[in-house]
Number of protein chains: 2
Amino acid sequence: MELSAYLHDKKIIIENTLKDICTSFVSTPGVLRDAMEYVLFSNGKKIRPILAIATCEAKGKSSDDLLPCFCALEMIHTYSLIHDDLPSLDNDDLRRGKPTCHKVFGEAIAIMAGDALLTEAFRVLSDARYTDRINPKITKQIIFEIAHAVGAEGMVGGQVMDVLYDGKEGSKNILNYIHLHKTGAFMRAAVRIGAVAGGAKARELKNLSKYGECIGLAFQVMDDILDAEGDEEIVGKKLKKDTNKQTYIKHYGILASRYKLEQLVDEAIKSITFLGENGKILKEIAQFIGNRVS
Amino acid sequence: MELSAYLHDKKIIIENTLKDICTSFVSTPGVLRDAMEYVLFSNGKKIRPILAIATCEAKGKSSDDLLPCFCALEMIHTYSLIHDDLPSLDNDDLRRGKPTCHKVFGEAIAIMAGDALLTEAFRVLSDARYTDRINPKITKQIIFEIAHAVGAEGMVGGQVMDVLYDGKEGSKNILNYIHLHKTGAFMRAAVRIGAVAGGAKARELKNLSKYGECIGLAFQVMDDILDAEGDEEIVGKKLKKDTNKQTYIKHYGILASRYKLEQLVDEAIKSITFLGENGKILKEIAQFIGNRVS
């Protein structure tokens, strides 16, 4: 199967699972549910759940029973977008070609929609109606991997540094901290929970972590390149707005950034040679991240 | 032991456990950790973890191994205070006699400190270093109870309605929804996880849930009474500011609110008669909530 067909198929499966999850919001105030769903179904790539699915399947295990858990990744990613876009943070008006959540629903509802998505992700991860076929030990490990990756020592920590160093000189070390924590840790966690669910052994988990970290960083380097050189129509958000931010372009220049991207994709692919033929999709995803235009 | 001594002892134990949890923030940006700790250690009552401890102990089980899990309740409560106080929500300048988090650290850091506390609560709940003596099935159930109580169908849902009906006519039904979801669900969850950890059977869990819901509502009715009649110095926040809000005072008047409070405390106590002498502390906590002045 072509990768594009694979990504398309999985995206539909993920969206259907997310729709099913949203049916559990029965007594939720309508405007809150609307705000959550507005961003959740705004045509994102769903790359984190896809990574978890592809990793789980690369280990030879069906991901059917784990779909709601993997979708929790997208709920958390969505919360992070809503909060990042807020006026006091990145103050973005446009996301995926549409007005951002606070532009449509106001700041208070946007903050609370983010809070609800983050919390409901952990509800889904622990809800017996979605997880009764999963060993509780695995469930606990998955929850830990995710929470650790997106908390103070992970994504939120990276986002804080990103905001603090907006408009400041910064350094390569600061840039590295931001990208490793803000994007890298969460992508790695997506791969790791797929690996844990797929029954990866310690050494395999280590190699898959490396893969996840490399493509997470590659994704962010590409984000910086797209901000500098991308097409606003295709990318779906305002570009050339990161000139005050700590980016690869700022600290390395465009050519070295492209070289860094290539290296990261190569290193990701090298980390999963142990998977042999089963690693085909993960390899293609790494290449796709190195070539994406939106 | 006097209840005041019990509450004091437990508060110290909880604060020490929270301090221990905070030592795990090693690569967290300093300002983020400062903002989290600023509110976490701002002399709150720690009523939610105390309820969990007291319920667990009422079932004859030591709470020692569960302290970090119970402290996660306080981390989540703290996140909710930080976000509730934000300019676009309740816009409060004072909390527990001190400037609110966004007044000290700015809005962006306050939003992210709340996000981090919420996420780290789930990290603590699933982190092997705190939970390896707990059956993973119990851990999973505790995580679900909490997430369900504070998400879209619980606390956040209640907070959304509270914000939406600020300055509106409202109704007793709306008031009931807000208080049940915003305060009641979380207090009930605190009691429920103590019960689950203590090995409560289905019927016991049902009775303890009733107890938790009643004292949660009683707590909120008392909050409304204190806002209308309390002493600002003692309560530690600006009062008489809820005149636009949906409160018991607005919809029932002060006398009927006091009567409602008495009824709720009585009902809470009646729900735990099955505990006999072991229910002494829980009974006294219910009475304390009905008589508190701050």
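Nothing in this text is a laboratory measurement; each read-out follows from the coordinates by a stated rule. Since we're looking at a predicted model, the values are computed, not measured. We place every Cβ from the backbone using ideal geometry, glycine too, and count neighbours over all the protein chains shown.
So the values come out like this:
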read-out	value
Distance between modelled label sites at A:Arg129 and B:Leu3, nm, 7 Å Cα→Cβ extension	3.7
Over segment A:144-235, relative contact order from alpha-carbon pairs under 8 Å, at least 6 apart, %	29
Segment B:3-291 - percent relative contact order, Cα under 8 Å, separation 6 or more	20
Backbone N under 12 Å from the B:Glu233 label point (7 Å along Cα→Cβ), restricted to segment B:39-57	none
Gaussian network model of chain B, springs between alpha carbon atoms under 10 Å - residue of B:Asn173, B:Asn207, B:Asn244 with greatest fluctuation	B:Asn173
Distance from segment A:1-69 to segment B:5-66 (C-alpha centre basis), Å	36
Average beta carbon contacts from partner chains per residue of B:134-146, 10 Å cutoff	5
Unsatisfied cross-links (Cα-Cα over 29 Å) in the set A:Lys10/A:Lys140; A:Lys280/B:Lys140; B:Lys182/B:Lys240	A:Lys280/B:Lys140
Cβ-vector label at 7 Å, A:Ile234, separations to other copies in nm	6.8
Whole-Å distance, taken between Cα centres, linking segment B:226-248 and segment B:131-209	24
Partners for B:Lys237 among aspartates and glutamates (Cα-Cα distance below 16 Å; same-chain residues under 8 apart left out)	B:Asp84, B:Asp85, B:Asp90, B:Asp92, B:Asp93, B:Asp223, B:Asp224, B:Asp227, B:Glu229
Span from the segment A:73-122 Cα centroid across to the segment B:262-280 one, whole angstrom	43
Three-way shape call for segment B:3-291 based on the alpha-carbon gyration tensor, with the a/c threshold at 1.5	oblate
Structure-based [θ]222 nm, the protein assembly as shown - -39500 (n - 2.57) summed over DSSP H runs of at least 4, per residue, nearest 500	-22000 deg cm²/dmol
Teacher prompt: A:Gly167 distances to equivalent labels in other copies, 7 Å Cα→Cβ, nm	2.9
Amide H contacts of B:Leu94 (H built 1.01 Å from N, under 5 Å, at least 5 apart or other chain)	B:Thr100, B:Lys238
Phi to ³J(HN,Hα) by Karplus 6.51 cos²θ - 1.76 cosθ + 1.60 over segment A:130-135, Hz, x for Gly, Pro	10, 10, 5, 9, 9, 4
Residue-wise HN-Hα coupling along segment A:38-47, computed from phi with Karplus coefficients 6.51, -1.76, 1.60 (Hz; x: Gly, Pro)	4, 8, 4, 10, 9, 6, x, 6, 6, 5
Derived scalar couplings ³J(HN,Hα) [segment A:244-254; Karplus, 6.51 cos²θ - 1.76 cosθ + 1.60; whole Hz; x for Gly, Pro]	8, 8, 7, 10, 4, 4, 4, 8, 10, x, 6
Inter-copy separations for A:Leu3, label at 7 Å along Cα-Cβ, nm, ascending	6.4
